[in-house]
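Visitor: Okay, handing you the structure first.
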Amino acid sequence: MVRPSKAIATVIKLVVSGLLIYFIFSKIDVQEIGNTLRSSNPYYLGLALVFFLSSKVIASFRLNLYFHKLDVFLTQKSNLKLYFLGMFYNLFLPGGIGGDAYKGYAIKKKFDVATKKIVSVLVLDRLSGLLLLFVYGCSLLLLIQQETILALTPLLLAGIPISILVFWLVNRSFFKYALPVFWKSVGYSALVQLAQLISVWLIMKALGIEGHQIAYLVIFLISSIVSVIPLTIGGIGSREATFFYGASLLGLNENISVGISIIFFLLTALISLLGVWYHFKKIDLETIEGSPERNL
C-alpha cells in the first residue's frame, strides 16, 4: 500500500508536470513541432535509440561496480535486468516504488548489507553521472562564441577540475570503501554521457538541424541535471521547460528545441518499457561464481 505522504507527493509531481507541459505547449507552435517530428529521418532515430540503449547498459556496469564494493557480486546479467526494471519504475510507476528505491529494496532483501551503504552507492551512482553532465556542459560552453558565455571562460575552465576534486574529496571523506573505483566510475560516467550526447546529436540529424548543434547539446545537458530534481514525474515537463527557456536565452528556435526534448523522452520511454517484462517475471539475482557470498 502506498503511504499517504507518497501519494500526496505523487499528486504534487503530477500537477507540476501537467502545469509545465500545459504552459510550454501554450507557448509553442504544436503543429510545427508535429510536422517536424513526422518528417524526421527514421534511420538516424534508430541510431539514436541504439546509442541511448548503449548509455544505459554502460550505466548499469557503473552501478554494478559500486555494488561489488559492498561485496554484492551480482552478475552483470542480473544487474542489467534490475537496472531496466528500475528504469521502468522510475518512468511509469513513480507513485508506487521508484526505481532506485526498488533496487535498494531488492539488494537489501537478498544480501546482508546495511541499508545506509546501499543508499550511499545509489547516491554515488547518481552523483557520478551529474559530475560528467557538469564537465561536458562546461566543455561545450567553451565552444560557444557568445559574448556573455565568453566572459565566463575563466569560471568554466576552473569549474571542471574543481568539480572533479570536490567529488573525489566527498568520496574520500564519506565513502572510503568506494574510493578505489573512483576513476573507473568516472570513466563509465564519461562514456554514459558521451553516448547520450551522440544520441541527441543523431536526433538533431534526424530532424535536419545543422546549425547551433553545440548550443542544443548544452541545453540537453542542463535539462538532464534539472530532470534529476524530484519535482516532476520522470522529469516530464521540467526537461521540456529547460529546452524551451534554454533555446529562448540562446536565441534558438523554441519549437525545434522542444521537439528534440520530446523525441528524447520517447526514446527513454521505449527503452524503459524493456523493464516491464521483469515487473511480471521475478528477477533471480545471481552472483558471480566463486565470489564471496553474503546473501541470506
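The values are calculated or read from the model by the stated rules, or taken from the named source; none is laboratory data. Computed from a predicted structure; not experimentally measured. Positions of Cβ are generated from backbone atoms using ideal geometry, with glycine treated the same way; all protein chains shown enter the neighbour counts.
Visitor: Here are some residues: 110, 77, 81. Which one is basic (Lys, Arg), in contact with a strand residue (DSSP E or B) (Cβ under 9 Å, 6 or more places away or on another chain), modelled with pLDDT under 95 and under 20 Å from residue 282 (Cβ atoms)?
Guide: 110
Visitor: Can you confirm whether residue 129 is free of Cβ contacts under 8 Å to residues at least 40 places away in the same chain and among the small types (Gly, Ala, Ser)? Steps first, answer last, please.
Guide: Working: free of Cβ contacts under 8 Å to residues at least 40 places away in the same chain: no; among the small types (Gly, Ala, Ser): yes.
Answer is no for this residue.
Visitor: Of all residues in the stretch 167-187, count the ones that are in contact with a Leu (Cβ under 9 Å, 6 or more places away or on another chain) and free of Cβ contacts under 8 Å to residues at least 40 places away in the same chain.
Guide: Matching residues across the stretch 167-187 total 2.
For every residue, the table says whether it meets (1) within 21 Å of the chain's Cα centre (by Cα); (2) buried (at least 16 other Cβ atoms within 10 Å of the Cβ); (3) polar (S, T, N, Q); (4) modelled with pLDDT under 95.
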site	(1), (2), (3), (4)
89	yes, yes, no, yes
102	yes, yes, no, yes
121	yes, yes, no, yes
126	yes, no, no, yes
132	yes, yes, no, no
136	yes, yes, no, no
141	yes, yes, no, yes
146	no, no, yes, yes
162	no, no, no, no
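Visitor: Right, another one. Among 198, 144, 160, which is closer than 30 Å to residue 249 by Cα and touching a Phe, Trp or Tyr at 6+ places or on another chain (Cβ under 7 Å)?
Guide: 198
Visitor: Same structure, new question: Considering only the stretch 169-181, I want to know if a residue exists there that is in a helix (DSSP H, G or I) and either within 20 Å of residue 263 (Cβ to Cβ) or touching an Asp or Glu at 6+ places or on another chain (Cβ under 9 Å) (or both). Break it down into steps so the answer makes sense when it comes.
Guide: Kept after step one, since they are in a helix (DSSP H, G or I), are these residues of the stretch 169-181: 169-174, 176-181.
Narrowing the set further to residues that are either within 20 Å of residue 263 (Cβ to Cβ) or touching an Asp or Glu at 6+ places or on another chain (Cβ under 9 Å) (or both) leaves none.
The answer is no, given that none of the residues of the stretch 169-181 is in a helix (DSSP H, G or I) and either within 20 Å of residue 263 (Cβ to Cβ) or touching an Asp or Glu at 6+ places or on another chain (Cβ under 9 Å) (or both).
Visitor: Given (1) of a type outside the set (D, E, K, R); (2) at pLDDT below 90; (3) part of a helix (DSSP H, G or I); (4) loosely packed, with under 12 Cβ neighbours inside 10 Å, where does residue 1 come up short, assuming only one miss?
Guide: That leaves (3) as the condition not met.
Visitor: Here's something else I'd like to know. Six or more apart or on different chains, Cβ atoms under 7 Å: show the pairs whose first residue is in the stretch 24-49 and small (Gly, Ala, Ser) and whose second is in a loop (DSSP other than H, G, I, E, B) and at pLDDT 80 or above.
Guide: 40/207
Visitor: Taking residue 125 as meeting all but one of (1) touching a Lys or Arg at 6+ places or on another chain (Cβ under 7 Å); (2) within 23 Å of residue 282 (Cα to Cα); (3) among the acidic types (Asp, Glu), write down the number of the exception.
Guide: (2)
Visitor: Being over 22 Å from the mean Cα position of the chain (by Cα) and of a type in the set (A, V, I, L, M, F, W, C) is the requirement here; does residue 202 meet it?
Guide: no
Visitor: Checking the conditions here, which among 189, 173, 120 is among the polar types (S, T, N, Q) and touching a Gly at 6+ places or on another chain (Cβ under 7 Å)?
Guide: Numbers: 173 fails: touching a Gly at 6+ places or on another chain (Cβ under 7 Å); 120 fails: touching a Gly at 6+ places or on another chain (Cβ under 7 Å).
Being among the polar types (S, T, N, Q) and touching a Gly at 6+ places or on another chain (Cβ under 7 Å) holds for just one of 189, 173, 120, which is 189.
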